[in-house]
């Protein structure tokens, strides 16, 4: 089974809304919602990967992100090491820079959206904010 290291951001606005993005239909688990982020490249630190991914995907620059959650999740075909960061400050206006749909969603409404199973731990922890 192959393994990947993924960085993900819980981008929080006014301690009440979280930014999510919709996976494109042609991707694995396409059509589901997710927290922005992506794969950590060889030789790249988690924080560098987070900064790069959010700049590429959302056209934002993160300011002082903090560790939020780390865990492994196994799908039948792949093992994912999830490295989740809390982002409360950023510069730039968040937009779907890669053509993806994005939404600011009140924390209490996140359960109305369908996420990949690997995101369940993140959703559970967000409810405690």
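The values are calculated or read from the model by the stated rules, or taken from the named source; none is laboratory data. Since the structure is predicted, the reported quantities are computational estimates derived from the model, not experimental observations. So basically every Cβ, Gly included, is an ideal-geometry build from the backbone, and we count neighbours across all protein chains shown.
Please tell me if residue 86 is in contact with a helix residue (DSSP H, G or I) (Cβ under 9 Å, 6 or more places away or on another chain), in contact (Cβ under 8 Å) with a residue 40 or more places away in the chain, within 21 Å of residue 5 (Cβ to Cβ) and surrounded by 15 or more Cβ atoms within 10 Å (Cβ to Cβ).
It is false that residue 86 is in contact with a helix residue (DSSP H, G or I) (Cβ under 9 Å, 6 or more places away or on another chain), in contact (Cβ under 8 Å) with a residue 40 or more places away in the chain, within 21 Å of residue 5 (Cβ to Cβ) and surrounded by 15 or more Cβ atoms within 10 Å (Cβ to Cβ).
Residues that are modelled with pLDDT under 95 and farther than 22 Å from residue 123 by Cα: does the stretch 75-89 have at least one?
Checked against the condition, which is being modelled with pLDDT under 95 and farther than 22 Å from residue 123 by Cα, the stretch 75-89 yields at least one hit.
May I ask you to list pairs of residues, at least six apart or on different chains, whose Cβ atoms are under 9 Å apart, with the first in the stretch 102-119 being without any contact (Cβ under 8 Å) to a residue 60 or more places away in the chain and the second being surrounded by 16 or more Cβ atoms within 10 Å (Cβ to Cβ) and assigned to a helix (DSSP H, G or I)?
Listed pairs, sorted by first residue: 111/123.
Among the residues of the stretch 75-82, are any surrounded by 11 or more Cβ atoms within 10 Å (Cβ to Cβ), in contact (Cβ under 8 Å) with a residue 12 or more places away in the chain and out of contact with any strand residue (DSSP E or B) (no Cβ under 6 Å at 6 or more places or on another chain)?
yes
Of the conditions (1) crowded, with 18+ Cβ neighbours inside 10 Å; (2) modelled with pLDDT under 95, residue 15 fails just one. Which one is it?
Unmet for residue 15, out of (1) crowded, with 18+ Cβ neighbours inside 10 Å; (2) modelled with pLDDT under 95: (1).
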